[in-house]
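Comments concern the structure below.
Coordinate-derived values only; no laboratory data. Note that the structure is a prediction, hence the values are computed from the model and not measured. In this analysis, Cβ positions are derived from the backbone assuming ideal geometry, glycine residues included, and neighbour counts consider all displayed protein chains.
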Amino acid sequence: MPGRPIESSGGRKRRRTRAAAGPAPEARESGGQAAHGLPFVFADATCHTGRHVNRGGHGAGDLSAVTVTVTGRVQGVGFRSYTYDHARRLGLVGYVMNLRAGGVRVYAEGPRETLKQFLEILRRGPSGSRVQDVWSSWGLVSREHDWFTIKPTP
């Protein structure tokens, strides 16, 4: 699946696809697959100089999507309800679900600044939980969700 045209150094446009560009840094750190197991399609990135690069005309006020895997003591402590309540309060759409391996997966869409706030909320977790790691992968909005839901374990 071809990516959106992006600006590279020198003002040239190029396309980024998973096959052509290789796995994203999140994938390389987790053994070649992103935590969410989906193709890599990124809306934003940071270039080698550390400056923010905007891909495909996505502005700061536009919607973004983030897929998050939370590990630690996050099952059996109300983590999904906690996530659901905060996501609804922030006006986000998406889902939360337990993973068979013991973690929790969250997919959320909304304004980028609100999603960043949501990530901080996930890092804290409810009382009784102990969040070990929070892996996040930013991507393009799918617009498949109308509200935030709790999905069953796959």
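Relative to the current alpha-carbon distance between D133 and D62, full extension at 0.36 nm per residue lengthens the span by 22.8 nm. Among the chymotrypsin sites (Phe, Trp or Tyr not before Pro) in region 93-124, none sits in a DSSP loop with a Cβ that has at most 10 other Cβ atoms within 10 Å.
Toward the positive end of the charge dipole of region 63-150, with +1 on the Cβ of Lys and Arg and -1 on the Cβ of Asp and Glu, the farthest Cα among T71, Y107, G91 is that of T71.
Between K151 and I121, residue separation times 0.36 nm minus the direct Cα-Cα distance comes to 8.8 nm. Computed over every Cα-Cα pair of region 63-150 and binned at 5 Å starting from 0, the pair-distance distribution P(r) comes out as 3, 16, 31, 27, 16, 7, 1 percent. Under the combined filter of DSSP loop state and at most 12 neighbouring Cβ atoms within 10 Å, region 111-154 retains these trypsin sites (Lys or Arg not before Pro): R143.
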